[in-house]
Structures are given as structure tokens and as C-alpha cells.
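Below is one structure, written out as C-alpha cells, with a few remarks after it.
None of the figures in this text is laboratory data; all of them are computed from the coordinates on show. Bear in mind that the values here come from a model prediction, so they are computed numbers and not experimental data. Here the Cβ positions follow ideal geometry from the backbone for every residue, glycine too, while neighbour counts run over all protein chains shown.
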Amino acid sequence: MEKTKRLPAIFFIMAKIGLFTFGGGWSIIAQIQNEFVDKKGWMTEEQIVDYMSLAKSFPGIMIINMSVFCGYTMAGAAGAVAAAFGLSLPALVAIAVVTYFYESLRDNIYVAKILNGVRSVVIPIIISACVRMRGTAIRGKSAWVILAVSFVVCALTGFSKLLLILIALALGLLIWRGRISDDLS
């Protein structure tokens with residue numbers, strides 16, 4: 001019964017996040033963590049990190065997948081629906097409004113400047129979320145090596161991100177099974 005009482009809160013918090021967070025999925029994750037881990041205590045940082053990995057691995061929009069996992073954890077199937085609908089509703093309304101007024105907004109210099117300002121804030125928000133979750137997401141020297149190599153590969157090559165994720169998954173399984181030492185000594 002406690003979980004069903006959370007449904008309106010889940011919906012409205014996710015709607016607020018969807019309405020006021022710009023920059024895509026990664027910046028939204030910082031807000032989800034703030035609301036549901038720090039303020040409400042309904043989830044843990046470890047769950048956020050695990051769900052980020054899962055959400056990125058599933059087909060579809062990563063942040064909607066993430067909201068479904070989080071909502072399900074907090075209130076079952078109804079929570080998953082409330083979270084996904086709450087998060088996506090503001091975007092659907094905004095897209096409908098922008099589409100309706102597109103011709104008059106397309107060449108508006110003020111709209112372009114506002115969007116440029118918003119975009120410049122996104123990178124610090126994403127970096128902040130990454131720095132905050134590094135203790136939960138990266139455990140052991142092997143994980144730091146995988147992180148560093150993955151970053152270099154992503155930044156400097158056109159290597160397939162899917163293949164990189166699959167390689168990291170295989171390495172993680174080998175570390176977990178003890179086939180690769182986690183201390184790299």
C-alpha cells in the first residue's frame with residue numbers, strides 16, 4: 001500500500017524533471033538522483049548506476065528506460081508507468097507547441113540565444129553527475145583501467161560504442177569470476 005501512495009509523487013517529480021531539465025538523458029539522471037536518492041531516499045546511488053547501465057543497453061530512449069526502471073523499483077508496474085508518463089509528458093507538450101509555432105520561432109534570434117545559453121550549462125551538469133557517482137560506479141583498479149581505455153577509444157576513434165560496451169561487459173564478467181585480477185598487481 002505504501003508504494004501506491006508514491007504514485008502521484010513519482011509522476012509529479014518526473015514531470016518536473018522533464019519540464020525543467022535540459023540537455024538530454026545524462027543531465028536528467030543527476031536530477032533523478034537528487035530527487036529519489038538524496039531527498040526521498042526511495043532508491044540508492046548503486047541502483048541509479050545499475051539502471052543507467054541497463055537503460056543504455058536496452059533499445060529505445062535511454063532516459064525513458066531509466067525512468068521505467070526507477071519507477072518500477074519505487075512502486076512496481078504502476079510506478080514504471082507513472083515515471084515514464086510523467087517524464088515524457090512535458091516534452092510531448094513542448095514538441096506540440098513548438099511544431100505549431102515553428103515558422104515564427106525558426107528565425108527568432110532571441111530563441112537561438114536562449115537555447116545557446118541553455119546548452120552551455122549542460123556539460124557542467126553532466127560532469128557533476130559523473131563525478132558524484134564515480135565512487136559507486138567505479139570499484140577497483142581494473143574498473144579505472146577500463147574507464148580510461150574506453151574514454152580514449154571513444155574520444156579518439158570511431159570504434160563502435162556497442163562493441164565497446166560488449167567488451168567491457170565481458171571484462172567485467174571475467175573480473176567477477178576471478179579470471180582477471182581486480183587489483184592489477
*Who wins for biggest fluctuation among C154, C70, C130 in a Gaussian network model of the chain, springs between alpha carbons below 10 Å?*
C154
*Linear extension gain, E2 paired with K16, 0.36 nm per residue minus alpha-carbon span*: 2.8 nm
*Per DSSP H run of n ≥ 4, the term is -39500 (n - 2.57); total these for the chain, divide by its residue number, and report the mean residue ellipticity at 222 nm rounded to 500 deg cm²/dmol.*
-25500 deg cm²/dmol
*Taking 0.36 nm per intervening residue step and subtracting the Cα-Cα distance, what contour gain separates L147 from V122 on full extension?*
6.8 nm
*What relative contact order, as a whole-number percentage, does segment 2-137 give when Cα pairs under 8 Å and 6 or more residues apart are counted?*
34 percent
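Rounded, prolate or oblate, given the Cα gyration tensor of segment 138-185, with a/c below 1.5 counting as rounded?
It comes out oblate by the Cα gyration axes.
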_So if I place +1 on the C-beta of Lys and Arg and -1 on the C-beta of Asp and Glu, and nothing else carries charge, what would the dipole magnitude of the chain be about its Cα centre? I want it in debye, nearest 20._
100 debye
*Work out, step by step, the length gained on full extension between A112 and E45: first 0.36 nm times the residue separation, then minus their alpha carbon distance; give nm to one decimal.*
20.5 nm
*Assuming R0 = 35 Å, what is the FRET efficiency of I138 and L162, from their Cβ-Cβ distance, to the nearest 0.05?*
0.95
*In a GNM of the chain with a 10 Å cut-off on Cα contacts, which of A15, A80, A96 has the highest mean-square fluctuation?*
A96
_If I take the Cα coordinates of segment 2-137 and project them onto the principal axes, what are the three extents in Å, biggest first?_
48, 32, 29
*Choose one answer from A170, A78, A143: the residue with the largest mean-square fluctuation in a GNM of the chain with alpha-carbon springs under 10 Å.*
A170
*Long-range lysine pairs (8 or more apart or interchain), the chain, Cα under 28 Å*: 16
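Given a Förster distance of 45 angstrom, what is the FRET efficiency for F101 paired with R177, based on the Cβ-Cβ distance and rounded to 0.05?
The pair F101/R177 has a calculated efficiency of 0.20.
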